[in-house]
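Asker: Got a structure for you, written out below as structure tokens; questions coming shortly.
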Amino acid sequence: MTTYDSLLADIAPDAGESREISNPATGEVVGRAPVHTVDDLDAAVATARAAQPGWAALGHAKRSELMLAAADAIDASAEALAQLLTREQGKPLNGPNARFEVGGASGWLRAAASTPLEAETVIDDGESHAVLHYRPIGVVGAIGPWNWPMMISVWQFAPALRMGNTVVVKPSEYTPLSVLALVSVINSVLPEGVLHVVTGDREVGARLSSHPDIDKVMFTGSTATGKAIIRSSADTVKRLTLELGGNDAGLVLPDVDPAAIAQDLFWGAFINTGQTCAAMKRLYVHDSVYDAVVDELAAVAASMPMGVGTDENNVLGPLQNKAQFDIVARLVESAKASGARVVMGGNPDAEQPGYFYPTTLVADIDNDNDLVQHEQFGPALPIIRYSDVDEAVAMANGLDVGLGASVWSGDRDAARDVAARIEAGTVWINSHGGVHPMIPFGGVKQSGYGLEFGVEGLKALGVPQVING
């Protein structure tokens, strides 16, 4: 049986440079991660390149069988993985957090393994016959974030493996242990050389995105880094899937029941303590229900305990790192300076260990305030008052990002009409941020391009080939 201690022992570096990884809730050392170099990356890519033809030759059925067995291995190690995740990333064990994420990792692996992708006959009229196939790309580089390190890594490498590619994963420098452990568990089932992890600095990430033997890069992270990857990948014309920054808007229409939507509004904004790309980052509420929505949301927020993730009672945790803590603090101070009303929070305890920022609601704030215009990626939600739906749609569409959005209404048809006017890759009705392994997901504008999940996600990890004749 895999235990927390045995999992850490499995991924402990045995040679070379390493560095300490600390718990963002307590400052305690969790473990040590290897500091890989560009040479280490080159070696991993070479091994993945050599293993790829044999992996592809196994065929979809055998690859899927091995992936399902790997999902079983995750489930068998689920508690140990969750304990590591909560210590390294900070998210609590309970709520939509560490145990939820580990379950999502195995669930998405199963979905990628089980989703059919058949060759498509595009024409067969007696004179012409053409069939569209999807072939393996080759070696895929996957660069992941620190907010959902296990699950998003699976979102990247599971469809890649299913389609016959081999993968080199570069996790965030903040959360390498979680990804190392997850891949160690999976590699107890997969053939050698198919899936690799390289934990290094930005130099390693830059080499991965420009490497001549990597055929596609999948990246989840900031828009600025995504643009750098686009530039560095240009010389080798790599295929890219980029899920970049978002600043998701929620629009509350005047016909809602504030009490009925408050809990879903809360989790739409504060899942993973607000550290989620597709979390709701700004909330537009009609004047007629504004005060009631603010009051009901504050009541829900006040009931949600925040603290160290290993405490079974907590459902909110710290910011994962000091840099992110400082961003949230700066943006909230900007809102305070403008005269916005802090309904709750906004006053971190300087004596408390860890990067805890209290759950913060900011009302009566102008749309042009920094807290509204810039993605905070933390537990601080600005709530903007509006009186005209057209005005709210214009404000929602006023930024250069478009990952997700939501519309809240008692009339689902009316909500869908408003949703159709919003510039975002996904618009949810009466919820926000929920994803499903069969529903395509991706952004518009500067939130990136390419789709993940389901059949479209599998296609994105293959090279289309038409056999005509």
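The values are calculated or read from the model by the stated rules, or taken from the named source; none is laboratory data. Just so it is clear, the structure is predicted and the values come from calculations on it, not from any experiment. With ideal geometry, Cβ positions are generated from the backbone for all residues, glycine too; neighbour counts draw on all protein chains shown. Just the protein is used for accessible areas: all its heavy atoms, side chains included, with ligands, DNA and RNA removed. Shrake-Rupley method; radii C 1.70, N 1.55, O 1.52, S 1.80 Å.
Asker: Tally time: how many residues in the stretch 211-226 are in a loop (DSSP other than H, G, I, E, B), over 19 Å from Trp148 (Cβ atoms) and free of Cβ contacts under 8 Å to residues at least 40 places away in the same chain?
Answerer: So the first thing to find is which residues in the stretch 211-226 are in a loop (DSSP other than H, G, I, E, B), and the list is 211-215, 221-222.
Imposing the further condition that a residue be over 19 Å from Trp148 (Cβ atoms) reduces the set to 211-215.
So of that shortlist, the ones also free of Cβ contacts under 8 Å to residues at least 40 places away in the same chain come out as 212.
So the answer is 1.
Asker: May I pose another question? Do we have any residue at all in the stretch 40-56 that's out of contact with any helix residue (DSSP H, G or I) (no Cβ under 6 Å at 6 or more places or on another chain), at pLDDT 95 or above and of a type in the set (Lys, Arg)? Please lay out each step first, then the result.
Answerer: Pass one, the stretch 40-56, residues out of contact with any helix residue (DSSP H, G or I) (no Cβ under 6 Å at 6 or more places or on another chain): 40, 42-56.
Checking which are at pLDDT 95 or above leaves us with 40, 42-56.
So of that shortlist, the ones also of a type in the set (Lys, Arg) come out as 49.
Yes: the stretch 40-56 contains one or more residues that are out of contact with any helix residue (DSSP H, G or I) (no Cβ under 6 Å at 6 or more places or on another chain), at pLDDT 95 or above and of a type in the set (Lys, Arg).
Asker: Do we find that Val293 is touching a residue at least 12 places away in the same chain (Cβ under 8 Å) and in a helix (DSSP H, G or I) in this structure?
Answerer: On the way: touching a residue at least 12 places away in the same chain (Cβ under 8 Å): yes; in a helix (DSSP H, G or I): yes.
Yes.
Asker: Going through the stretch 227-251 one residue at a time, which ones are surrounded by fewer than 23 Cβ atoms within 10 Å (Cβ to Cβ) and assigned to a helix (DSSP H, G or I)?
Answerer: Lys227, Ala228, Ile230, Arg231, Ser232, Ser233, Ala234, Asp235, Thr236
Asker: Report the residue count in the stretch 22-42 for those that are more than 18 Å from Asp5 (Cβ to Cβ) and either open to solvent by less than 40 Å² (accessible area, probe 1.4 Å) or of a type in the set (A, V, I, L, M, F, W, C) (or both).
Answerer: The total comes to 6.
Asker: I'd like the residue in the stretch 413-437 that is touching a helix residue (DSSP H, G or I) at 6+ places or on another chain (Cβ under 6 Å) and either farther than 23 Å from Leu240 by Cβ or at pLDDT below 95 (or both) and, out of all such residues, is surrounded by the most Cβ atoms within 10 Å (Cβ to Cβ). Write out each step before concluding.
Answerer: Narrowing the stretch 413-437 to residues touching a helix residue (DSSP H, G or I) at 6+ places or on another chain (Cβ under 6 Å): 421-422, 427, 429, 431-433, 437.
From what's left, either farther than 23 Å from Leu240 by Cβ or at pLDDT below 95 (or both): 421-422, 427, 429, 431-433.
Working: Arg421: 15, Ile422: 19, Val427: 23, Ile429: 16, Ser431: 15, His432: 27, Gly433: 24.
It comes out as His432.
Asker: Among Gly104, Gly54, which is in contact (Cβ under 8 Å) with a residue 12 or more places away in the chain, closer than 23 Å to Met1 by Cβ and surrounded by fewer than 22 Cβ atoms within 10 Å (Cβ to Cβ)?
Answerer: Details: Gly54 fails: closer than 23 Å to Met1 by Cβ.
The match here is Gly104.
Asker: Which residue, of Glu120, Glu127, is modelled with pLDDT of 95 or more, more than 18 Å from the chain's Cα centre (by Cα) and open to solvent by 10 Å² or more (accessible area, probe 1.4 Å)? Let's see the steps before the verdict.
Answerer: Working: Glu127 fails: modelled with pLDDT of 95 or more.
The match here is Glu120.
Asker: Asp368 - would you say it is surrounded by fewer than 17 Cβ atoms within 10 Å (Cβ to Cβ) and closer than 20 Å to Asn272 by Cα? Step through it out loud before you land on a result.
Answerer: Numbers: surrounded by fewer than 17 Cβ atoms within 10 Å (Cβ to Cβ): yes; closer than 20 Å to Asn272 by Cα: no.
No, not satisfied.
Asker: Still on this structure, I have one more. Check the stretch 10-18 and report whether any residue there is open to solvent by less than 60 Å² (accessible area, probe 1.4 Å), touching a Lys or Arg at 6+ places or on another chain (Cβ under 9 Å) and more than 22 Å from Trp146 (Cβ to Cβ).
Answerer: The answer is no; no qualifying residue exists.
Asker: Give the residue, chosen from Val179, Val185, Val189, that is within 27 Å of Thr115 (Cβ to Cβ), open to solvent by 10 Å² or more (accessible area, probe 1.4 Å), part of a helix (DSSP H, G or I) and touching a residue at least 24 places away in the same chain (Cβ under 8 Å). Give the derivation first.
Answerer: On the way: Val179 fails: open to solvent by 10 Å² or more (accessible area, probe 1.4 Å); Val189 fails: part of a helix (DSSP H, G or I).
Result of the check over Val179, Val185, Val189: Val185.
Asker: Take the stretch 373-412 and flag every residue that is free of Cβ contacts under 8 Å to residues at least 24 places away in the same chain and either touching a strand residue (DSSP E or B) at 6+ places or on another chain (Cβ under 8 Å) or surrounded by 22 or more Cβ atoms within 10 Å (Cβ to Cβ) (or both).
Answerer: Arg412
Asker: Pick from the stretch 211-226 the residues that are in contact with a helix residue (DSSP H, G or I) (Cβ under 8 Å, 6 or more places away or on another chain) and surrounded by fewer than 18 Cβ atoms within 10 Å (Cβ to Cβ): which of them is nearest to Leu7 (Cα to Cα)?
Answerer: Here the residue is Asp213.
Asker: Are any of the residues in the stretch 65-77 crowded, with 16+ Cβ neighbours inside 10 Å, in a loop (DSSP other than H, G, I, E, B) and either in contact with a Phe, Trp or Tyr (Cβ under 9 Å, 6 or more places away or on another chain) or in contact (Cβ under 8 Å) with a residue 40 or more places away in the chain (or both)?
Answerer: yes
Asker: Would you check which residues across the stretch 126-146 are of a type outside the set (Ser, Thr, Tyr) and within 17 Å of Gln465 (Cβ to Cβ) and list them? Give the derivation first.
Answerer: Keep residues of the stretch 126-146 that are of a type outside the set (Ser, Thr, Tyr), which gives 126-127, 129-133, 135-146.
Once the filter is applied, which keeps residues that are of a type outside the set (Ser, Thr, Tyr) and within 17 Å of Gln465 (Cβ to Cβ), the stretch 126-146 yields His129, Ala130, Val131, Leu132, His133, Arg135, Pro136, Ile137, Gly138.
Asker: Taking the stretch 346-356, which residues are touching a residue at least 40 places away in the same chain (Cβ under 8 Å) and either in a helix (DSSP H, G or I) or open to solvent by less than 30 Å² (accessible area, probe 1.4 Å) (or both)?
Answerer: Keep residues of the stretch 346-356 that are touching a residue at least 40 places away in the same chain (Cβ under 8 Å), which gives 353-356.
Across the stretch 346-356, the qualifying residue is only Phe356.
Asker: Being surrounded by 13 or more Cβ atoms within 10 Å (Cβ to Cβ), among the polar types (S, T, N, Q) and not in a loop (DSSP other than H, G, I, E, B) narrows it down to one of Gln324, Gln320, so name that one. Show your work before the answer.
Answerer: Working: Gln320 fails: not in a loop (DSSP other than H, G, I, E, B).
Testing whether each residue is surrounded by 13 or more Cβ atoms within 10 Å (Cβ to Cβ), among the polar types (S, T, N, Q) and not in a loop (DSSP other than H, G, I, E, B) leaves just Gln324.
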